[in-house]
Amino acid sequence: MRIDKFLWSIRFYKTRSIAAEEIKKNRVSIGTSAVKSSKEVKEGDVIKIRKNQIDYKIKVIQIPKSRIGAKLVPLHIQDVTDKEQYELLKLRKMSQDYYRNKGEGRPTKKDRREMDEYVGNDITADFTDWDDFFGENDSENNESED
């Protein structure tokens with residue numbers, strides 16, 4: 001089986017074209033040599049894949065006939081990635097989560113209203129004197145009129 005099709009069939013990449021693209025960018029290798037999309041994968045091969053700034057290593061146990069379910073993936077490959085690589089991935093994820101928890105996204109309209117109420121900003125205030133709104137003093141206005 002071709003390596004691009006193999007990486008797609010074991011669900012390492014979402015589409016076969018993405019797998020082929022990553023192979024073109026030399027992010028996939030068998031042993032020490034970079035490969036082309038047409039390279040045939042054999043049982044016992046150790047494939048090195050660079051994805052999300054992590055170097056994954058997988059050993060081919062069995063070649064699937066076509067794309068397989070996620071639960072069947074361990075029957076076809078063995079993950080031999082170094083534990084340090086997974087620790088690096090965990091550190092990167094933790095460093096990104098300091099700002100906002102995953103899934104929070106932008107504040108909703110309700111959240112925005114609650115924040116304004118908490119801070120004490122009343123956006124709907126009716127300003128009749130625009131000079132006060134823009135921070136100009138009455139004394140400055142009186143001097144310019146004289």
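For the reader, a short list of remarks on this structure follows.
- Greater than 30 Å apart at Cα, pairs in Lys42/Lys83; Lys14/Lys36; Lys14/Lys57; Lys59/Lys93; Lys71/Lys110: Lys71/Lys110
- Simple label model, 7 Å out from Cα along Cβ direction - Glu43 to Ile68, nm: 1.2 nm
- Distance-filtered residues of region 1-27 - backbone nitrogen under 15 Å, label point 7 angstrom along Ser33 Cα→Cβ: 3
- Förster radius 30 Å - calculated FRET efficiency between Thr108 and Asp55 (Cβ-Cβ, nearest 0.05): 0.15
- What the phi angles of region 86-95 give under the Karplus curve with 6.51, -1.76 and 1.60, with θ = phi - 60°, is a coupling list of 5, 5, 4, 4, 5, 5, 5, 5, 5, 5 Hz, glycine and proline written as x.
- Ranked Thr15, Thr81, Thr32, criterion: other C-beta atoms within 10 Å, fewest first: Thr32, Thr15, Thr81
- Computed label-point distance, nm, for sites Gln78 and Ser95 using a 7 Å Cα→Cβ extension: 3.3 nm
Bear in mind that the values in this text are calculations on the coordinates, not laboratory data. Computed from a prediction, not measured in an experiment: that's the story for all the values here. Quick reminder, even Gly has a Cβ in these numbers, built from the backbone with ideal geometry, and neighbours come from all protein chains shown.
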